[in-house]
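Only one structure is covered here, and it is reproduced in the block below.
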Amino acid sequence: MANTPYELCLEKIYKLGRFGIKLELDTILNILSQLNTPHNNYKMVHVAGTNGKGSTATCIASILTAAGFKTGIYTSPHLVRFNERICVNGKQISDADVVSAYEAVNAADHKSRQGSRQATFFEIVTAMAFYYFAKEGVEWAVIETGMGGRFDATNIITPKVSVITNLSIEHTDYLGHTIRDLAREKGGIIKPGVPAVTAVSQPSGIDKLTQIAKDRASSLYRFKKDFSIRKTPGRPTYDYKGIYQNFKSLTKPLPGEHQRENLALALAASELIFEQNKGTDPRYELTREQVHKGLAQVNWPGRLEKIMDHPLVILDGAHNFKASVLLGKYLNQTLGDKKLTFVIGILDDKPYEAMLAHLLPRAHRVIVTKAKINRSTEPAVLTAAVRKIFNGEVQVIEDVKEAVSYAISTSCKDDAICIAGSLYVAGEAKEKFDMDLMT
């Protein structure tokens, strides 16, 4: 039962989810017009892609903050608290500011509607972020798309740099069934004359992005072609060879070898930002010290996050096929002979059978669970899929927190536990660990 103004506000925001996804831009443009176009008050970076958007965006924002710029970042979804979505200089929006931003945006929505449909959850929250960033006087904002790009609610901005991480088939009802279709949608964030960086590797995807960039007179910089990153010989660090600058012996801020790609994208985007503005402000001098300081401050929970050592507990969203492939590789490379328990729950719009095929080969035991969201795959359905490819012990504990507690209490100190399959499962598990720390 909602009691505080903040709780009542979130209740209203979450109810907007029933309006579903609407891929058009007129509604949010009308709302922002009523708010005096707050998104025009600061410079922006726009980040789209299938995986790695949040990691890349967080690295860019941290580098900008380390250089002395007041920097906002807008990401989704959140793990535990709604406030995680909207941050300034690494600090989450306060409960009171959530309420005031919602009230302003809701009033603007009512005023601009004039008989048209009500704004969706994502449109309202996106407008809240833009409004809050203007209110806080941010100088830069790093904006992550929600889904796709071309008709995503965030795509009313004109950024200084566009970033497209990578592509794998997702949301086919909205984004198409081929990599080329997907590239067309994600490439929609490339604006005329605005440079873009990408880690897309599939030929059909690159062809489409190249065509879009050419049509819009935008420079397109490609990972492994125009900038690259590799391990420092004999050291646990990385050397970056960039568009304008090179940085040696960098510490990768997030675990997993796939994060090299995201780090390289963040550095390339940062190079373009600083090069564009060089000479206009002494802060636009991208130094090795600023890069190191920025990367040291990166925090992106729920992605290969180590929660405990004995037993080893790893929390990872692994919310789609590509993410499950990367997680499976990471576990194979790092766990040695540890007995692994998987606590797993997957949403019903994901290819859960294909995901399980990559996640479970290393498993000793599987506990099937279910996040508290109506899109979760029913445990009976997921269990049947698990049993097709896994011959070991399988249990069902629907409540995520109970499943995690059971996994820990029944594991030895030298065992490993991985909680994965959905960012919603990761979020409920993260909330349990955060509560345990407070008690």
The residue that is farthest from I417 (Cα to Cα), considering only those in the stretch 288-317 that are in contact with a Lys or Arg (Cβ under 9 Å, 6 or more places away or on another chain) and in a loop (DSSP other than H, G, I, E, B), is P301
Check on V125, in a helix (DSSP H, G or I) and either modelled with pLDDT of 95 or more or surrounded by fewer than 23 Cβ atoms within 10 Å (Cβ to Cβ) (or both): yes
In the stretch 62-76, anything surrounded by 19 or more Cβ atoms within 10 Å (Cβ to Cβ) and either within 13 Å of the chain's Cα centre (by Cα) or not in a helix (DSSP H, G or I) (or both) is listed as A67, F69, T71, G72, I73, Y74, T75, S76
Considering the stretch 412-432 alone, what residues qualify as being under 17 Å from T334 (Cβ atoms) and crowded, with 18+ Cβ neighbours inside 10 Å? D415, A416, I417, C418, I419, A420
Condition check for I389: of a type in the set (V, I, T) and surrounded by fewer than 20 Cβ atoms within 10 Å (Cβ to Cβ): yes
Expected output for the stretch 163-187 (first residue within 22 Å of M355 (Cβ to Cβ), partner acidic (D, E) and modelled with pLDDT of 75 or more, Cβ below 6 Å, 6+ apart or cross-chain) is L175/E185
Against the condition modelled with pLDDT of 95 or more and among the charged types (D, E, K, R), how does K322 come out, does it pass? no
Write out, first by first residue and then by second, each pair whose Cβ atoms fall under 9 Å of each other, whose residues are 6+ apart or on separate chains, and whose first residue, in the stretch 71-85, is closer than 18 Å to A371 by Cβ while the second is in a helix (DSSP H, G or I) and at pLDDT below 90. V80/D434
Checking the conditions here, which among A217, A269 is among the small types (G, A, S) and surrounded by 15 or more Cβ atoms within 10 Å (Cβ to Cβ)? A269
Near pairs, Cβ below 6 angstrom, 6+ apart or cross-chain, from the stretch 292-320 (within 16 Å of A363 (Cα to Cα)) to any residue that is β-branched (V, I, T): P311/I417; V313/I307; V313/I417; L315/I307; L315/I419
Test set (1) under 25 Å from the mean Cα position of the chain (by Cα); (2) more than 19 Å from K306 (Cβ to Cβ) - G256 fails condition number: (2)
All positions within the stretch 186-209 that are surrounded by fewer than 16 Cβ atoms within 10 Å (Cβ to Cβ), in a loop (DSSP other than H, G, I, E, B) and at negative phi: P192, S201
Can you find even one residue in the stretch 363-375 that is surrounded by 17 or more Cβ atoms within 10 Å (Cβ to Cβ), in the same structural domain as V161 (by TED's automatic domain parsing) and charged (D, E, K, R)? no
If you go through T341, T383, the only one that is in a strand (DSSP E or B) and either modelled with pLDDT of 95 or more or crowded, with 18+ Cβ neighbours inside 10 Å (or both) is T341
Among K329, K252, the single one that is in the same structural domain as K413 (by TED's automatic domain parsing), surrounded by fewer than 23 Cβ atoms within 10 Å (Cβ to Cβ) and closer than 26 Å to Q202 by Cα is K329
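The values are calculated or read from the model by the stated rules, or taken from the named source; none is laboratory data. As the structure is a computational prediction, the values presented were derived from the model and not from experiment. Because the Cβ atoms are built from the backbone with ideal geometry, glycine has one as well, and the counts that use them run over all protein chains shown.
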